[in-house]
Each structure stands twice: as C-alpha cells, then as structure tokens.
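Since the structure comes first, as structure tokens, the remarks are kept for the end.
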Amino acid sequence: MGSLYSEYLSPSKVLEHYNYTKETLDTQETTSRWVALAIIVLICFTIVVENLMVLIAVARNSKFHSAMYLFLGNLAASDLLTGVAFVANTLLSGPVTLGLTPLEWFAREGSAFITLSASVFSLLAIAIERHVAIAKVKLYGSDKSCRMLLLIVASWLISLVLGGLPILGWNCLGHLEACSTVLPLYTKHYVLCVVTIFSVILLAIVALYVRIYCVVRSSHVDVTGPQTLALLKTVTIVLGVFIVCWLPAFSILLLDYACPVRSCPVLYKAHYFFAFATLNSLLNPVIYTWRSRDLRREVLRPLQCCRRAAGVQGRRGGTPGHRLLPLRSSSSLERGTHMPTSPTLLEGNTVV
C-alpha cells in the first residue's frame with residue numbers, strides 16, 4: 001500500500017499510462033486548440049455566472065426557501081462547480097496533462113466526477129420531493145428544513161466519496177492492463193461502477209416521474225391544478241435535458257469498458273462528448289428562470305438595478321427636455337402584487 005501511494009508524486013506515471021492506452025499523444029499547441037480553449041473557458045464562465053445569479057436569487061428571497069427551490073439551488077451549486085471543474089480540466093489538458101503527477105491528475109478528474117454525482121443526487125432529491133408533494137405524503141415532519149439540509153449535505157458527502165475512490169486506491173497504478181482508455185489512470189471497473197450507479201439512479205428518477213404522472217391522471221383537481229402540473233413540467237424538462245446531454249458521455253464510457261486497449265479510435269475523441277455534456281450546466285439555469293416568472297425577476301434584479309442607476313446618471317448629464325422612463329421596480333415580489341398572467345401558473349407565479 002505504501003508503494004502505491006508513493007507513486008502518486010511520480011512525474012513519469014501519467015506519461016507511462018497515456019503511452020500505454022493512446023496510439024498517439026497530442027502535444028501540439030495549434031491555433032484551433034487555442035480557439036477551442038477560449039470558447040470552452042467562455043462557456044464555463046457563463047455557466048458560473050448564470051448559476052451564481054440563481055443561487056443569489058434563491059438565498060435572497062424567502063419566497064424561494066421551499067423544498068423545491070432549495071433543491072434547485074443545490075442543483076445550481078453543482079452546476080456552478082461543474083463550470084469551475086471543467087475550466088480547470090481544460091486548462092490542465094493537452095500537453096499539460098503529461099507533466100502532471102498522478103495526485104494532480106486524480107484531483108483534476110475527481111472534481112468532475114464529484115460535481116456530476118452531486119447533479120445526479122440533486123435530480124433524485126427533486127424527484128423525491130415532487131413525489132412527496134403530489135402524493136401528499138407526510139415525510140418531513142416539523143423539522144422539514146433540517147431534514148432537507150441533511151439530505152443535501154448527505155448527497156455531497158456521497159459524491160465526495162464516489163469521486164474520491166480512485167485517489168483512495170481504486171485506480172490502475174501498477175496495473176496497466178486494467179486501465180481505461182478515456183481516463184488512463186482509472187480502472188475500467190471503477191468507470192463501469194460509476195456509470196452503472198448513475199444509470200440506476202436516473203432510471204429510478206424516471207420511475208418516480210412515471211408514478212407521479214399516474215397519480216396526477218387519477219387524482220382530483222386539488223392535486224392536478226395548473227401550479228402542480230407546471231412545476232412538474234419544469235423538473236421533467238430539467239431531467240430530460242440532463243439525459244440528452246449526458247447520454248453520449250455515458251455511452252462512450254460504456255464503450256471504453258467493452259473495448260480492448262487501442263481498438264476503438266473513437267475513444268480518443270471522448271473530450272468532445274464531455275464538452276457536450278457540460279452544456280447541461282449551461283441550460284439548467286435558463287430552463288428554470290425561463291419557466292418561473294418570479295425567479296426570473298429575482299435573477300435579473302441586479303441587471304435592472306444597474307440599468308436604473310445608468311438611467312439616473314443619464315438624466316443628470318442629459319440634455320434638457322430629454323427624460324427616460326423609469327424601470328418598473330421588482331419590489332412587487334415582496335409586496336405580493338403581480339401583473340396579470342396567463343391562466344397557467346407555476347408555484348411562485350411561473351409561466352409555462
């Protein structure tokens with residue numbers, strides 16, 4: 001065991017594993033690579049900003065301190081960290097990869113697995129919450145908030161353990177024949193285990209939503225009201241986008257397990273599949289701010305304040321007789337007054 005951990009700081013181990021699993025090593029710094037790098041960093045920066053705005057909105061307004069929005073906030077936190085992790089992964093990829101120690105490589109890849117795990121567990125928590133709410137099950141009790149926070153903390157602890165298993169010893173250092181092609185320091189069995197766990201959880205989530213729809217179809221108006229159906233549509237869209245974005249990456253990892261070393265050239269292009277999967281973290285904030293009128297107002301409030309301040313400054317320095325129309329204040333969120341909306345609403349005045 002001691003000899004295994006002593007290899008974690010070896011500067012030649014990563015190169016050894018990549019030489020074994022890859023036919024060729026891409027070590028050239030080309031213009032196209034720098035352009036792709038800039039685009040990825042820009043997308044990840046957008047992911048961080050979007051999800052940070054959602055987190056601030058959920059934390060600032062007590063209207064969003066319900067179970068559903070807390071779980072959505074947890075999903076936003078995992079998406080935000082996904083953007084950070086993918087930036088680090090991108091900047092430390094290519095020629096830089098071969099100069100990493102195994103410890104640095106495990107930290108780079110483990111962070112991505114941790115944030116992915118947190119996203120999956122957040123989706124599971126949302127599905128459970130929707131099932132509880134629609135089935136009218138008394139699950140949380142009087143200490144509901146405490147139990148929700150414990151569930152969120154537990155999901156992150158499980159994610160840390162799952163993503164940290166390779167650095168704790170479940171890796172292929174010293175066993176090249178067991179190595180993954182896509183992730184050359186991970187064993188194929190670990191990759192298969194993680195994909196299997198995620199797939200089982202996603203199937204369980206789909207089963208929960210099927211159960212929810214069955215309950216909705218067989219229930220009375222008090223359960224199948226427009227607010228319930230609208231929120232159910234929103235979280236179902238979030239789940240569908242997650243599956244669409246991550247299915248190609250899961251498929252390539254399953255192919256990695258089945259293919260002998262150097263026999264499937266498509267595995268050398270796996271980074272494109274993972275880049276596509278990262279779009280999920282970009283789309284999630286768009287989905288639930290587009291669907292929720294109140295959340296959209298709260299998220300955009302800082303931009304409205306900036307525009308209002310710019311308008312005041314413009315009136316002070318503008319020409320006489322030129323006046324700007326004042327922007328509508330979003331304080332109606334706190335006063336509980338709302339503009340007329342369509343008949344179909346989501347919880348918290350969400351437009352569908």
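The values are calculated or read from the model by the stated rules, or taken from the named source; none is laboratory data. Since this is a predicted model, take the numbers as computed values, not measurements. All Cβ positions, glycine included, derive from the backbone under ideal geometry; neighbour counts span all protein chains shown. In case anyone asks, the SASA skips ligands and DNA or RNA and just uses the protein heavy atoms, side chains included. Shrake-Rupley method; radii C 1.70, N 1.55, O 1.52, S 1.80 Å.
If the condition is being within 22 Å of I40 (Cβ to Cβ) and basic (K, R), then segment 255-275 contributes only K269.
Does I47 meet the test of being β-branched (V, I, T) and open to solvent by less than 30 Å² (accessible area, probe 1.4 Å)? When the stated conditions are applied, I47 passes them. The residues of segment 99-110 that are assigned to a helix (DSSP H, G or I) and open to solvent by less than 40 Å² (accessible area, probe 1.4 Å), listed by number, are P102, W105, F106, R108, E109, G110.
Would you confirm whether or not segment 134-142 contains a residue that is within 20 Å of the chain's Cα centre (by Cα) and closer than 26 Å to L70 by Cβ? Working first, answer last.
Filtering segment 134-142 for residues within 20 Å of the chain's Cα centre (by Cα) gives none.
No, that holds for no residue.
To keep it simple, each residue is scored yes or no on (1) within 27 Å of the chain's Cα centre (by Cα); (2) at pLDDT below 90.
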{"site": "S6", "(1), (2)": "no, yes"}
{"site": "I47", "(1), (2)": "yes, no"}
{"site": "K63", "(1), (2)": "yes, yes"}
{"site": "M68", "(1), (2)": "yes, yes"}
{"site": "G83", "(1), (2)": "yes, no"}
{"site": "N89", "(1), (2)": "yes, no"}
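Selection of first residues in segment 192-214 that are more than 22 Å from L165 (Cβ to Cβ) and of second residues that are charged (D, E, K, R) and surrounded by 15 or more Cβ atoms within 10 Å (Cβ to Cβ), restricted to Cβ pairs under 7 Å at least 6 apart or on distinct chains, gives the following pairs, ordered by first then second residue: I212/R130. Within segment 173-197, track down each residue that is closer than 23 Å to I243 by Cα, out of contact with any Phe, Trp or Tyr (no Cβ under 7 Å at 6 or more places or on another chain) and part of a helix (DSSP H, G or I). Result: H189, C193, T196, I197. Scanning segment 152-187 for residues that are in contact with a Gly (Cβ under 8 Å, 6 or more places away or on another chain) and open to solvent by less than 30 Å² (accessible area, probe 1.4 Å) gives G163, G164, P166. One residue alone among T234, T278, T319 is open to solvent by less than 60 Å² (accessible area, probe 1.4 Å) and at pLDDT below 90, and that residue is T234.
Matching residues to (1) out of contact with any strand residue (DSSP E or B) (no Cβ under 8 Å at 6 or more places or on another chain); (2) over 23 Å from P260 (Cα atoms):
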site	(1), (2)
G164	yes, yes
I167	yes, yes
S180	no, no
K188	no, no
V191	yes, no
T196	yes, no
L202	yes, yes
